Amino acid sequence: MTKYLIDTNVVLRFCNSSDSQHALAGSAVSHLLATGNECYLTAQVLIELWVVATRPANVNGLGWTAKRTKSIIDQLLYRFPILEESSQIFHAG
């Protein structure tokens with residue numbers, strides 16, 4: 001079993017059904033989980049998701065309401081564990 005941190009761009013794509021890479025992102029995460037791996041999020045990923053999701057579409061955002069975005073985040077929190085952000089997330093050896 002391997003542990004993966006799901007990048008904000010992947011989360012944005014599998015949460016946004018109108019994204020051209022929605023199916024690919026969803027399939028990738030599903031494959032990781034189905035093969036016994038663990039996928040995690042961080043607070044930073046959720047903050048970045050919120051910023052992009054609630055930003056107006058005409059300035060490179062998704063234009064989602066705060067209510068919709070909170071619902072998506074609640075679903076993510078139910079499905080994926082949150083890693084505490086520490087120096088162990090990024091070890092510069």
> Using alpha carbon centroids, what distance separates segment 2-28 and segment 59-79, in Å?
Replying inline: 14
> What are the chymotrypsin sites (Phe, Trp or Tyr not before Pro) within the chain that DSSP puts in a loop, where the Cβ has at most 14 other Cβ atoms within 10 Å?
Replying inline: PHE90
> Taking the Cα-to-Cβ direction at TYR4 and at SER87 and moving 7 Å from each Cα, how far apart do the two end points lie in nm?
Replying inline: 2.9
> What is the gain in length, in nm to one decimal, between SER30 and ALA66 on full extension, counting 0.36 nm per residue of separation less the C-alpha to C-alpha distance?
Replying inline: 10.3 nm
> Considering the chain as a Gaussian network with a 10 Å cut-off on Cα pairs, which listed residue, LEU24, LEU76, LEU12, attains the greatest mean-square fluctuation?
Replying inline: LEU24
>> What is the angle, in °, between the Cα long axis of helix 22-34 and the longest principal axis of the Cα atoms in the chain? Nearest 10 is fine, range 0 to 90.
In response: 20
> Regarding segment 1-85, what is the average projected area of its C-alpha convex hull, in nm²?
Replying inline: 5.5
>> Running a GNM on the chain with Cα contacts under 10 Å, which residue among ASN58, ASN37, ASN16 ends up with the highest mean-square fluctuation?
In response: ASN58
>> Using amide H atoms built in the peptide plane, which far-off residues or other-chain residues are under 5 Å from LEU5 H to H?
In response: TYR40
> For helix 66-79, what angle does its Cα long axis make with the longest principal axis of the chain, in degrees from 0 to 90 and rounded to 10?
Replying inline: 20
>> In the chain, if the dipole is taken from +1 on Lys/Arg beta carbons and -1 on Asp/Glu beta carbons about the Cα centre, which of ILE6, LEU24, ALA57 is farthest to the positive end?
In response: ALA57
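All of the numbers you see were taken from the coordinates with simple rules; none came from a lab. Quantities reported herein were computed from a predicted structural model and do not represent experimental measurements. In this analysis, Cβ positions are derived from the backbone assuming ideal geometry, glycine residues included, and neighbour counts consider all displayed protein chains.
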